[in-house]
Every structure is written in structure tokens, then in C-alpha cells.
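The values are calculated or read from the model by the stated rules, or taken from the named source; none is laboratory data. This is a predicted model, so every value here is computed, not measured. Quick reminder, even Gly has a Cβ in these numbers, built from the backbone with ideal geometry, and neighbours come from all protein chains shown.
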Amino acid sequence: MKKIFIPLIASVLSIVATSCSNDENNQHKSQEGNGGIFMGGVMRMNEVESFKSLNPISVTEVVGFHLGSQLFEGLVKFDQNNLSIKPALAKNWENNETQTEWTFHLRGDVIFHNDPCFSGGKGRKVTASDVKFCFDKLCTADPNNAQFDITFKNRVTGADESFESSKTGKMIPVSGVKVINDTTLTVSLKQPFSGFLNILAMPGCWIYPKEAFDKYGQDLRIHPVGYGPFQLETAKEGQVVIMKKNPNYYGFDKEGNRLPYLDGLKYTFIREKKAEILEFKSGNLDMVYRLPVEIFHDIMGDLEHAKDHKNEFQILSSPALNTNYLGFNCQNSIFKNKDIRLAFNYAIDRHKIADFTIQGEGIAADYGMVPHSETFEKEGYNFKTLKAYSFDVAKAKEYLKKAGYPDGKGFPKVTLQINSGGADRNILVAEVIQKMLKENLNVDIEVNTAAFSEHIEQMSSGKLDFFRYSWTADYPDPETFLTLFYGKHVPANASEKSFINYTRFKNNRFDSLFEASFAEMEKTKRYALLSKAEQIVLDEAPFMPIFYDENFRLEQLNVRNFPENAMNFMDLTEVYLVPKDKQ
């Protein structure tokens, strides 16, 4: 077994008791051996927004995903290095010839976190019945269930029937999910779906115990119980979240050392990015991501020095599977008119926004909702044939005139709502777009800022006519972006929440192509179908793509095993910290 180094700290509890922000808590007191891994310490990170919920079926935003990924796992999970699927609770699996029935064989050594919801406070073994319970809950109507539409809906046999029945108070287990024994489970699909394993890695498919649901109910959002590498110790919303190492985690490294290496995690919620960067430079944070526009070039200017090992921190970057956009409520009296939506799109200079407003922090959205990816293109996604939006003021004016508002005359004042957070970037971009629409179309746009949780609530409830949002891939596939426009995500009752299709866009041709892609198992053909579907979205313009994000992360020099990826997926299981005197 490879030699590892354990600091003289009994547990993360003793660390947090003496103040996790103290720099010495992040250091190790053991001596270095030959090529070993250091164990212990607390990884300190910051999020500029608080989480909305840590209940798996309610996770809708990046912060909840970042935190929840440390607390929960599903049958499978993403590999942080390349976003491929790797085993988690399921040690292996197989499917039938038509790929419509999947059999999962579970590990027998996975234990839920110790928690008062269990008798004696001691976590019990995870079985196939727990998976069945969670999948049934995923397919139950609940005002907070934001995951059903993007996971099992229209895919798993019996899922839709269970969901609809639950609306009347009648609970019907999902017929396509069957427990064979404690360690074997089968899942049947209505038709083949090549991305099914990706779906199982999403938050809605994370596993938690029935005991936690029964004890905490709605408070599960703040009292999560899973079997991930870390378990919740303290949660003060908007202030701090502290997690401690799960001593019963099933994972071991290739040398036989139990994971995770860290004793714990500390998340703060400093809202101002400048203040966050100062904390990082002071050594009080081990990692920050997304850099403030105002100081972006000052920081990135150090990249060459970093290559010469003269820098004081590490800089990691990668293209992100993330699209920042403005959405139109297509059921709104104003934005029902496609010509208005097209006019707005052609009136915007995306390159100017990318180059000057966000100063290279992202790339102009020249394609559409799906950000350009060399991998997608090589596998058959036809980016080059897509006809997106150029900056064309004459065309924008012509569309607005066609809509009945020549030179903007008589156009009603519209409010663009953005969410707080993102340093000043959201407001800077909104103000530039406000100015461009005024100068190029003579239309007045008001900008309103709301807290992120309120923004999500109003978007999903259809209360916003014009709104800012960004979408990060749930898994590495164009489908996860185009599902935002799938008509079957829009509830028949306008008063019900539309969790995914916030624009409430419906188009039969798009839906037909999108659904055809579900059953197409050959990736090249499937991607060709999806790119045709995206062209329909671009022609109908239910949204305004603005820019694609780039992932930039700063890490202290002692952080190890923390690779960057296009989804900014973070798995801290194998991250470790080198003592500062050993760097």
C-alpha cells in the first residue's frame, strides 16, 4: 500500500470547533515520505449565491449541484476527468438487445450517513429498495420536483402514469422499476435511449433513505442524508456550509487507501467576487471559479508567469458547456409575436458584449443554444450548417416594422429581469443590451434584479416575460440544451410551473425531431436530428443566445487531483492538500 500522511487532527469536528477559516486548519502536521498522498485538512471554497435546495429532486441550480455532488451519489456518477460514466452504487450493469431493459448490480458495502433519522443515529446499508423508493419519489407530483421532466418523463416505463396519478393523491409505484433482491434492480425504458446512464448521474437520481424523507419532509432541502464522500455538519443558509468526511464511504484508491482524503469541506457565500478574490489571495480560500470582469485580465495576465512557476496560484481553464441567454415568454401577449423575438436577436452585437462587456470571459454565442464543442461536431452535430443570428440592425428594424412597430413606435415598455450574483457581470450585460435595443430599435427596456431563488420561482411560474438565465449541461450531450424547448415540458395548465421549458415554447416539428432522437442509437444520426431541431428553434427565436462561458478556476498551489471539465462538475473524493512546507 502506498504510504499516506495523516495530520494530527482527530476529525473535522475539532477543526470546525476552532474556526475553519484559520489558515493552520488547512495544513498537515505529518512528515513527507516517498511519493505519498497527504490526507486530512479542510478544502475551503466559496459560492456567490446560496443554494436553493439540497433535496435531490429539487436541485435546479449550479450551487445545489456543487454541494449535492459531495453528499449524494446515484447508481452511477460522472468521472471528473472526462465526464464519462463510472460506477457508484451500481458496481456493474447490463442491458438487453434492444437496450430497453437495464439490470443494475449494486455494491453490498454502501452505508448511508449516520443521522438521527436512523435508530441509534447509525446509518444502515443501502439496498435496491432505497433506489426504488427514490425513483418512485422522482415520479411523484410535487411543487418542488424540478427533476422529473429531465430524467424519467417519457423515458421510463410507467413513470408518466405514476406522476399523473399522484396529482390526484393516488400513489402508484413506477412499474418500470423493479427490485429483484437487495443488490439487483431492473429499469425498463419505453424505447431505447442512448443517454440513459447520463440521466442516472443527475441529481434527480441521487439516492437518500426513506427514514430521512419521513423525518424531515420539506426540511430535507436543508437536512440532506446520502452516502456520498462527505456528510453535512453545519448549514447556515447564505453564510456557511460545513461537511465532514464520511468515515464509512465505500471508495478506496488504487493503493487501497480509504477515500476521501480530506477531513472536510467548508463553503462560504461571499456574494461580491472582489471580496472573494481578496479572500483567496489572503490564503483563506483554496479555490475560486468565475473571475470578476473588472480584474479578469489582471489575473489572467499572470498565466505566463504561472508557466514559469513564478505565480502564487494555479490557473485552470477549459471551454464550458454553458450558455448565457435571455428568454422570452412565448405565451406573453408581446412575445407571442415571432417577429419581435427575431428583431431583438438581430439588434444585439454579441461580439461586442463578449470582447468589451465581459472582456473575454466568454465567447460570443454565434451558433445557438448548444455551445460549440469539437467533440459534438466530430460526432455529427452540424454546427456549420446552423443559421443563427448576426448583428444586423437593418434586418432587426424590418422585423420590428413587420410586427407593427416601425422605428419602435408604440412598442410597450418591457422589463428584463436578471438574477443577482455573478459579480457585476449580469447587470453589465443587461445594461449593454438595454442600450443596444434602445439605439437600434428605439424600444425601452427596464432592468430588474431579483434574488436567484425568487428569479427561478418567477421564471418557472410563467410570471416573467423577458428574463436572463444560463444553462449548464446536465451531461455532455446537445440534448441537455435542447430539452429547454421541448413542448411536453410545458404544463397544460398555464398556472402550473414549467421547470425546464421556461420560455413555454411549443413547436410540433421541433418536438417530432427531438423525440425521434430518443430512439436513434447511432450517435451521428441522432446528432443530425438534434441539429435540425435546433435550427427550428433558431428560426422561431424563443430566446436570445448571448455568450458561451469559459471555465476559469484559481487554485492554491497545494491543491491536487482537482481537474477542470466542461460542466464544472466537482468531485472532491480524491482531492488532497499538500502541506505548505512540503510544496
**Request:** Give the residues of region 91-123 that are in a loop (DSSP other than H, G, I, E, B), over 28 Å from the mean Cα position of the chain (by Cα) and surrounded by fewer than 20 Cβ atoms within 10 Å (Cβ to Cβ), sorted by residue number.
**Result:** 96, 97, 98, 108, 109, 116, 118, 122
**Request:** Can you confirm whether region 515-532 contains a residue that is modelled with pLDDT of 90 or more and part of a strand (DSSP E or B)?
**Result:** no
**Message:** Being crowded, with 17+ Cβ neighbours inside 10 Å, in contact (Cβ under 8 Å) with a residue 40 or more places away in the chain and over 24 Å from residue 490 (Cα atoms): is that true of residue 189 here?
**Reply:** no
**Residues (of a type in the set (D, E, K, R), under 28 Å from residue 51 (Cα atoms) and at pLDDT below 95) located in region 391-433** = 424, 425
**Asked** Applying the selection to region 528-583, what residues are farther than 30 Å from residue 248 by Cβ, among the aliphatic types (A, V, I, L, M) and touching a residue at least 40 places away in the same chain (Cβ under 8 Å)?
**Response** 528, 530, 533, 537, 538, 541, 544, 546, 554, 557, 566
**Request:** Scan region 124-140 residue by residue and report those that are assigned to a loop (DSSP other than H, G, I, E, B) and crowded, with 23+ Cβ neighbours inside 10 Å.
**Result:** 126, 139
**Asked** Got a sec? Which of 437, 416, 464 is assigned to a helix (DSSP H, G or I) and not polar (S, T, N, Q)?
**Response** 437
**Request:** State which residue pairs qualify: first residue without any contact (Cβ under 8 Å) to a residue 40 or more places away in the chain and inside region 401-426, second residue buried (at least 20 other Cβ atoms within 10 Å of the Cβ) in any location, beta carbons under 7 Å apart, and separation of 6 or more residues or different chains.
**Result:** 408/400; 408/441; 408/443; 411/405; 411/443
**Request:** Starting from region 62-73, keep only residues that are free of Cβ contacts under 8 Å to residues at least 60 places away in the same chain, then list their pairs with residues that are part of a helix (DSSP H, G or I) whose Cβ atoms are within a distance under 9 Å, requiring at least 6 positions of separation or different chains.
**Result:** 63/452
**Request:** Return the only residue of 215, 245, 236, 266 being more than 22 Å from residue 52 (Cβ to Cβ) and either surrounded by 18 or more Cβ atoms within 10 Å (Cβ to Cβ) or out of contact with any Lys or Arg (no Cβ under 7 Å at 6 or more places or on another chain) (or both).
**Result:** 245
**Asked** Just checking, how many residues over region 355-410 are among the charged types (D, E, K, R) and touching a strand residue (DSSP E or B) at 6+ places or on another chain (Cβ under 9 Å)?
**Response** 4
